[in-house]
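Peer 1: Here it is, the structure in full.
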Amino acid sequence: MARTPRIWSPLFLALAAACSTTNRAADLAKNDLLYMDVPFVTKAPGDRPVFVAPVADAREPGKLPTVDRGFPIVYGGDDFWERPVAEMVGDVLQRQLEQSQLFAAVQPQVTPDGLVLKPTLLSFTTGMVEGMSGQRSLAEFSLRVQVYGPVAADGKRALVHEQIYLSQQTSPQELNPTSPYRLIGRAAQASIGKLMVQLDGSNIARSDVPADPARPAEASAVPAR
């Protein structure tokens, strides 16, 4: 499994300690101070069930930049989290899909008449940039989602949806910036919120409505908030 570089500064360790002591758990899926569920519920529930595959971890930490405009970037590692990152993201995704009512059910197993959703984690980055007059926190969350339709007469499943959902979050430069662990929660929330909206608009969960054709995977940046 890919891991972000474990490079730490005293300030970053302080942020980690603060996040750990003021919250119940260093777990994105179990702490609403780190991640708050997107309040999305479809107005037209689907009639097709879906199986959500485990999140594949395809992060490439070796390609992360080490400086920003001449200032070093300090990255956080997976060791901060109580569970594997892909596992936490998978729990969040499954819970949000269940709450959204987009599908008739989120199933524990694949069925011929159901859809198969395959998520791939491309980035889950937390970091801090040192500056002349303070520090700036940053976070990036990127998830590729592929959805395959029911088994056709030829025994194959057609790709009915493919998209990359990306959000980059940055704090202002200050002496005590927002924890990057909170920013990664905001980035995940923005990405998953856009995923819910696009799945709803695609009609892939509704057998009686023509679905939009599959789209190539391309970045869908969500403005930082």
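Peer 1: Return the Rg/Rh value of the range 10-222, two decimal places, where both radii are evaluated on C-alpha atoms and Rh is the Kirkwood radius. All intermediate terms of the calculation are to be shown ahead of the outcome.
Peer 2: Numbers: Rg = 18.7 Å, Rh = 18.3 Å.
Here the Rg-to-Rh quotient is 1.02.
Peer 1: Kindly provide the trypsin sites (Lys or Arg not before Pro) of the range 55-157 that DSSP labels as loop, not H, G, I, E or B, and whose Cβ sees at most 11 other Cβ atoms within 10 Å.
Peer 2: Values: sites: ARG59, LYS63, ARG69, ARG95, ARG136, ARG144, LYS156, ARG157; in loops: ARG59, ARG69, LYS156.
Passing both the DSSP loop test and the Cβ count: ARG69, LYS156.
Peer 1: Mind checking which aspartates and glutamates have their C-alpha under 18 Å from LYS63, skipping anything on the same chain fewer than 8 residues away?
Peer 2: ASP78, GLU140
Peer 1: Which of the pairs LYS30/LYS118; LYS118/LYS156; LYS30/LYS156 have their Cα atoms more than 25 Å apart in this structure?
Peer 2: Working: LYS30/LYS118 22 Å; LYS118/LYS156 16 Å; LYS30/LYS156 37 Å.
Exceeds cut-off: LYS30/LYS156.
Every number in this text was worked out from the coordinates using simple rules, so none of it is lab data. Note that the coordinates shown come from a computational prediction; the quantities given were computed from them, not determined experimentally. Every residue, glycine as well, gets a Cβ built from its backbone with ideal geometry; the counts of neighbours run over all protein chains shown.
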